[in-house]
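First up is the structure itself, then whatever we jot down about it.
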Amino acid sequence: MNPPDSKDSPDPKDPHGELRDLCDRLLDGDFSADDRTRLEALVLGNPELRRLYVETMHQHAALRQTATRLGEVPLSNVIDMLPSESAPVSRARSFPRWPLQLAAALVLGLALWWFAPHPAEKPLATLVETNGARWNNSSLPTAPGSALRAGRLRLESGVARLVFQSGAEVSLEGPAELEIQGPNACFLHNGALTAHVPPQAHGFLVATTHAQLIDHGTDFGMSTDPAGSGQVQVLKGEVELRHDRSGETRRLTTHESATITADRFASAGGADGEPDRYAFLRPSGASQPATLMLTTAGGAGDAAYVVSPNSPIHRSDTLLLLKNAPGASFRRKAYLRFDLTPLRARRVSDAALTLNFEATGFGYASLTGECTFAVYGLTDDSQNNWSAETLTWENAPAFTPDAGTVDPTCTVKLGTFTTARGVVSGSYSIAGQPLADFLNAAASRRPTLIVVRETSEPGNNSAVHGFAGNHHPTLAPPTLRLTLAEH
């Protein structure tokens with residue numbers, strides 16, 4: 001992407017072309033303060049251009065990720081990998097197809113080589129220092145001083161300080177997950193951060209599940225949970241918030257704060273003195289968080305997995321295993337029971353289930369594609385009295401022989417989550433009203449959740465997924481975080 005000549009400058013009447021030109025300059029590192037102001041005006045003022053901006057950045061990141069392995073390969077070698085001109089001529093047409101095929105392959109090969117992270121390419125950010133940091137399967141290097149490109153940092157505990165190429169400084173507080181998306185942009189999936197944004201980095205963007213924060217010269221703090229609820233506190237300066245669903249915009253200045261919900265923004269207490277990061281978890285006027293954390297290890301809770309017959313190997317005492325194998329063997333499903341008696345008579349207004357995955361060592365992750373997992377609730381209370389010691393493939397509640405399904409007559413689907421190709425570890429969650437409604441309807445107060453892997457693989461060599469059960473030495477067992485309704 002070369003800098004455009006003046007004769008190639010986009011027509012000012014064409015905002016789409018102007019946005020693409022600004023994105024090119026941003027990605028090339030040739031981005032001025034005026035460019036930043038114009039980009040911000042285009043993106044914030046037009047939902048269609050905002051979508052185009054996101055798509056452009058995602059395409060750029062995808063090309064970089066796909067081309068990583070070509071970073072050290074000379075262009076001549078890339079061309080050598082392309083198809084030969086001796087491809088056969090189709091007899092079904094009056095013109096040969098191989099020139100078009102060769103041209104398409106050449107364009108793709110050159111694009112991959114161009115977007116590959118070459119040694120001289122500037123990083124998007126630098127991991128400057130860490131204090132007491134413990135990491136969990138980050139896709140980026142975690143040693144202090146490491147150059148960071150697009151990817152995710154998963155910080156289990158401690159504090160890590162990053163400086164983006166733009167000059168924006170971010171301190172990430174574990175447990176947290178931060179995705180670096182550009183030289184002046186990131187996505188906070190979970191956890192908390194504080195940021196200092198100097199004048200040259202104005203426009204620094206932090207996105208969450210439900211909102212975007214655009215900085216206008218501030219020190220600010222931000223926190224969010226995996227479901228997207230969160231809070232922003234402006235310590236000094238000014239930020240702008242944009243809500244993805246409602247389209248609402250809000251400006252906050254020094255000592256102002258706001259909570260982020262799935263539907264809107266809400267005012268929060270002042271940020272002066274001692275910001276309350278978890279105000280979004282409390283109903284108005286409450287002095288303590290109206291939340292409750294329950295695990296399958298508490299009370300009458302239980303956790304187990306079942307495996308189809310004729311699968312004599314690969315078992316685990318600490319992980320609950322999942323696999324949707326193509327044959328009748330090596331199929332696995334997981335069962336979770338929670339004891340809701342600590343709720344007493346309180347109702348649940350919101351709920352989230354979190355599962356902590358870890359590599360099992362069974363099968364090859366490199367042969368495993370993107371996988372979608374589903375969580376079902378068992379609606380037949382008479383089947384909730386199962387035991388991990390006696391649970392089998394055939395006597396499991398809502399039994400079906402297919403590893404990716406359950407009996408639809410006695411279950412309700414509560415949510416899904418997806419793991420990327422080759423990824424077998426990390427924390428994954430489902431959340432929302434369907435889960436809360438299911439828990440409120442559980443007459444026995446001991447509801448069962450069933451976890452299956454919907455995605456099947458063509459062979460048995462793909463990885464077995466597994467998440468922590470009740471006896472894992474370091475990872476938390478399956479956990480429900482419940483937000484309680486006001487009396």
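Here are a few things to note about the model shown:
Here's the yes/no breakdown for (1) over 18 Å from Pro447 (Cβ atoms); (2) at pLDDT 95 or above; (3) not aromatic (Phe, Trp, Tyr):
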{"residue": "Tyr376", "(1), (2), (3)": "no, yes, no"}
{"residue": "Asn384", "(1), (2), (3)": "no, no, yes"}
{"residue": "Thr390", "(1), (2), (3)": "yes, no, yes"}
{"residue": "Val406", "(1), (2), (3)": "no, yes, yes"}
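- Among all positions in segment 144-152, there is no residue which is in a loop (DSSP other than H, G, I, E, B) and open to solvent by less than 10 Å² (accessible area, probe 1.4 Å).
- Residue within segment 473-480 that is assigned to a loop (DSSP other than H, G, I, E, B) and buried (at least 19 other Cβ atoms within 10 Å of the Cβ) present: yes
- Members of segment 160-184 that are open to solvent by 10 Å² or more (accessible area, probe 1.4 Å) and either more than 22 Å from Leu353 (Cα to Cα) or part of a loop (DSSP other than H, G, I, E, B) (or both): Arg161, Val163, Gln165, Ser166, Gly167, Glu169, Ser171, Gln181, Pro183, Asn184
- Exactly one residue out of Ala351, Ala398 is touching a residue at least 12 places away in the same chain (Cβ under 8 Å), within 16 Å of Thr295 (Cα to Cα) and buried (at least 18 other Cβ atoms within 10 Å of the Cβ), and it is Ala351.
- Some residue of segment 208-221 being β-branched (Val, Ile, Thr), assigned to a loop (DSSP other than H, G, I, E, B) and open to solvent by less than 20 Å² (accessible area, probe 1.4 Å): yes
- One residue stands out among those in segment 293-304 that are open to solvent by 40 Å² or more (accessible area, probe 1.4 Å) and not β-branched (Val, Ile, Thr): the one that is farthest from the chain's Cα centre (by Cα), which is Gly299.
- Across segment 225-248, the number of residues qualifying as open to solvent by less than 10 Å² (accessible area, probe 1.4 Å) and within 16 Å of the chain's Cα centre (by Cα) comes to 2.
- Unique match (being on the phi < 0 side of the Ramachandran plot and touching a Leu at 6+ places or on another chain (Cβ under 8 Å)) among Pro397, Pro458, Pro401: Pro397
- Within segment 440-470, if we keep just the residues that are closer than 30 Å to Ala345 by Cα and open to solvent by 30 Å² or more (accessible area, probe 1.4 Å), the residue that is nearest to the chain's Cα centre (by Cα) turns out to be Asn470.
The values are calculated or read from the model by the stated rules, or taken from the named source; none is laboratory data. Fair warning: this is a prediction, and the values are worked out from it, not measured in the lab. Virtual Cβ from ideal backbone geometry, glycine too; neighbours counted across all protein chains shown. Protein only, heavy atoms only, side chains kept; ligands, DNA and RNA dropped before computing areas. Shrake-Rupley method; radii C 1.70, N 1.55, O 1.52, S 1.80 Å.
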